[in-house]
Structure formats: structure tokens, C-alpha cells
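Trainee: For reference, the structure I am asking about is given below.
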Amino acid sequence: MMKNFLFIFIFIFLLISCESGIKRIVPVDSENSNPDITADTDEMDDSDIGNTGDTGNTGNTGNTGNTGDTGNTGNTGNTGNTGDTGNTGDTGNTGNTGDTGNTGDTGNTGNTGNTGNTGNTGNTGDTGNTGNTGNTGNTGDTGNTGDTGNTGDTGNTGPEYTCEEIVQCGLACSNDATCQNNCYLSGSTQGKADVDDLFICMGSNGCDALSGNEQVTCIIEFCPTEGAVCGIEAPPAPVTDKLADGENSNTEKDDVFKGNYISCTKNATINEFTIYIDPAYANGRKTNLTFAIFEETSTGWNNISSTAYSIDNAWKDAAHYSSGEISVDVTSGKNYIIGTMWNEKVKYYYGTFAGDSVNFGTQISAGGKEGLSGLPTDFDFYENYTIRMNITSTLR
């Protein structure tokens, strides 16, 4: 039984709003910041202000104009110095103490009444807009984080293997039954159903009692459909491609290498190749045959395989001569020349065309070299020609 555990995490966000009191702000007149001044203005005696009118008595100094009569004394004009007593008129300037009446201007401190405008500090009531912080109540929307409850879906984060993936997982477990069971439990609904079908078929045909290659062979033979769904199939079979098959055009030469230039488009293993030739009759003589495969590189050609043997030249007919069983890997994206070198006179056969498909790619042209005493290191190419040969390969 499979159990799913759903973990739901609920995040609760608490909104804490702090309330602060609003303080009344009273601005102070910077020019009349002394509170004693306003206090004095409250106690000002209007009669004192009137006394400043006594400075009008300084007008009595106008009586000093009578000293103009002293002007008759002329010298008494010196008494004009007493006019200096007129300077006592300057004491009239004490009338300027009336200017202290200007302290009445301190009545302008009444403008401090404008401090009533500090009532505008009531606008600090706009700080009540901080009440809009109540909108932080929208943080309650963070309650949508409750959607994180969907993280319960993370329960689906486990792999959902196909049948093939379940099988591969199980093979990695060796004989660990718990591990194998976990592989099965990690499968998708369809993957597990396909595994079930495979085991039903295996049980019906006795494949479940076998192991290793025997079990695989049993599945391929008796449960090919169920096995294929789960990636259990017979390995690719060797394929033999016949190039220029049946072509009878020929030329007789010695000390040459003849073969085909092929572009590889699929990874494969070459298992064998043959060349169709007819050794010339030469009693008592032997022809040395060397079967070789070359891989093209950025700097030239690399010989990756070669096998050699000799044949008698007497009473030989045209036939396919084989490299024998070999195992040479060729790689997609690379080019190869596959062919044979011989030393005695031999007829080789070809077709006047190119482009035959092979199991692992396409033939481009014929390739070879003449006047040899050993395997070539470079080649000449013959467009629109194909050397008659067979190539057996298995994809990998």
C-alpha cells in the first residue's frame, strides 16, 4: 500500500499596530520669547502711557524762547547755555519712555495669540492618516500564503518512472528487494501497469523462474510486446549491406588498394567485410590480401584495423574474400575507407555509380591507391564509382 503524507504549512502573520498620543505643539515667537514681556503687557497702566504725554511739558522748554529776551543781553545768550537746560527737554526724551509704550507693541505679542494657530498642529491629527496603516491590515491578504498549503502538492515531487525506468532502477538494486520495491513505487500509474503486465506474462511463460541472460532471452521470445514497452528487447542484429552487388565491370591490377569511402551517420561495430575479386592464374604464386579500415582525421588517415592472409593463385574463381570476423567501432560524424590491398594481379569489380546506403551511413565514392609496397597513408578518390563488396555491421 502506498501512503502519501501531505504536509501543510500555515503561516500566520500578526499585524501589531502601535497607537501613540498626539501632542499639541505650541510655537514660540522667537522675537518675544521671554514670557515676562507678555506678563508686563498684561499689567500695563494706561496712565503711565499718558504720562508720556508729559513729554509735552518739554514744550514748556518753549518758554526758553523767552530767553530770546535774554538775547538782548547778548552775553546772557550765554545763558543760552541754560538753553542747555533745554536739554532737559532731552529729558523730555524720557518721554521716550513713552516709547516704552511701544512695549505696548509687545501687545503684538498678542500675535502670539496666533499661537492659536498652533491649533493647526491639530493637523497633526493628519497623523491620524497613520490610521491608514490600518491598510496594513491588507497584510491579512498574506493569509493567501495559506496557498502554500498547495505545497502539499510537493508530495508529487517523487519521480514517476516509466516501465523502462522502473526496470533500470530495479537492475541497479541487485538483489535488494526493498530497493526494487521502492523503484516500483516510484513509477507512474502507467509505468506500474506496464510492469504488472510484464510480470504476468513472465509468470505465464516461466520467465520469472529464470535469471540473467536466460530471463532476457525468455522475455524476448515469449513476451516481446510487454518486454519492448519496458525496454527489454533483443540487441540490434547484424546487418549485411551489399555494395555494387551483381556488377561485373572489372579491371585487373597489382600492388593496389581498392575500397569505398563512407560517411558514418550512426554508431556501429563492423563485424566483417568482403571484397569481390578474381586472382589471376599464376601457378605456384600466392596473392597477399590485407583487409584494412582507415578513419579520417584532421591531419590525415588513421589505420584502425587490418587483417592479412595469402591465397593461391592457381585455379581461383571470382568470389568474395573475407576479412574474417572483426570488431571495429565506427563513430557517427566521421568518415572511413574500407578496402583491401593486394600484390599480385587481381581483377576487382565495381559499379559506375555512388551513394549506396549502408547500415551505419552512406557510401560517397570509391577510394584507393596504386603502386604500393605497403598500406597507404593517403588516398585517391573516384567519384561515381563503387567497389563491389559486402559490409556486415551492428548498430550500437
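The values are calculated or read from the model by the stated rules, or taken from the named source; none is laboratory data. Worth saying up front: this structure is predicted, and the values here are computed from it rather than measured. Glycine gets a Cβ as well: all are built from the backbone with ideal geometry, and neighbour counts include every protein chain shown. Just the protein is used for accessible areas: all its heavy atoms, side chains included, with ligands, DNA and RNA removed. Shrake-Rupley method; radii C 1.70, N 1.55, O 1.52, S 1.80 Å.
Trainee: In the list Gly231, Gly246, which residue meets the criterion of being under 39 Å from the mean Cα position of the chain (by Cα) and more than 30 Å from Ser373 (Cβ to Cβ)?
Mentor: Exactly one residue qualifies, and that residue is Gly231.
Trainee: If you go through the range 320-340 one residue at a time, do you hit one that is touching a residue at least 40 places away in the same chain (Cβ under 8 Å), within 14 Å of Ser263 (Cα to Cα), out of contact with any Gly (no Cβ under 7 Å at 6 or more places or on another chain) and basic (Lys, Arg)?
Mentor: yes
Trainee: Is it fair to say Asn260 is open to solvent by less than 20 Å² (accessible area, probe 1.4 Å) and either closer than 19 Å to Ala244 by Cβ or not aromatic (Phe, Trp, Tyr) (or both)?
Mentor: yes
Trainee: Right, something else. Which condition number does Gly339 fail, the rest of (1) closer than 28 Å to Pro235 by Cα; (2) modelled with pLDDT under 95 being met?
Mentor: Gly339 satisfies all of (1) closer than 28 Å to Pro235 by Cα; (2) modelled with pLDDT under 95 except (2).
Trainee: Report, ordered by the first and then the second residue, all pairs with beta carbons closer than 6 Å, sequence separation of six or more or different chains, a first member in the range 191-202 that is on the phi < 0 side of the Ramachandran plot, and a second member that is of a type in the set (Gly, Ala, Ser) and open to solvent by less than 30 Å² (accessible area, probe 1.4 Å).
Mentor: none
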